[in-house]
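In what follows, a structure is listed as structure tokens, so that the remarks can point back to it.
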Amino acid sequence: MPFTTIKTTQKEFLESHLRGTGNSLSSLQADSTYGIKNLRARMTEFRQAGLVVRKHKNKDGRAQYSVSARDITGSRANVFA
């Protein structure tokens, strides 16, 4: 059961939560806190839409994702969700 209920779409929530904020999120955190089951799929959608998604390993060895404020063309104005 998620800790928090999301009142927008997952993509809208993730874009506002991650894009340019310096926040990062692992699949385990996304599932347990927000009920997002397939974070990797959402990050793939962001990449396909032109956002810069960074992936690194956290201290537990799991993938952790963050999203740059700028898209691949350097613009901050585009909203992709």
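Coordinate-derived values only; no laboratory data. Keep in mind that what you see is a predicted model, and the values were worked out from it rather than measured. Every residue, glycine as well, gets a Cβ built from its backbone with ideal geometry; the counts of neighbours run over all protein chains shown.
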Taking the convex hull of the Cα atoms, report for the chain its projected area averaged over all directions, in nm². 5.2 nm²
Short version: ³J(HN,Hα) in whole Hz for each residue of the range 66-80, in order, from phi by Karplus 6.51 cos²θ - 1.76 cosθ + 1.60 (θ = phi - 60°), x for Gly and Pro, what are they? 9, 10, 5, 5, 9, 8, 5, 8, x, 8, 9, 6, 5, 10, 9
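Could you sort 54-63, 17-26 so that the peptide with the highest average Cβ count within 10 Å comes first and the rest follow in order?
On the way: 54-63: 10.3, 17-26: 15.8.
Descending mean neighbour count gives 17-26, 54-63.
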If you fit an axis through the alpha-carbon atoms of helix 39-49 and take the longest principal axis of the Cα set of the chain, what angle between them do you get, 0 to 90°, nearest 10? 10 degrees
What 222 nm value per residue comes from the helices of the chain, counting each DSSP H run with n ≥ 4 as -39,500 (n - 2.57) and dividing by all residues, nearest 500 deg cm²/dmol? -7000 deg cm²/dmol
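Between the DSSP loop rule and a limit of at most 13 other Cβ atoms within 10 Å, which chymotrypsin sites (Phe, Trp or Tyr not before Pro) in the chain are left?
Of the chymotrypsin sites (Phe, Trp or Tyr not before Pro), the ones in loops of the chain whose Cβ has at most 13 other Cβ atoms within 10 Å are F3.
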Summed over the other residues with a beta carbon less than 11 angstrom from that of E45, with K and R at +1 and D and E at -1, the charge totals +3
How much length is gained if the chain between T44 and T73 is pulled fully straight, taking 0.36 nm per residue apart and subtracting their Cα-Cα distance, in nm to one decimal? 8.7 nm
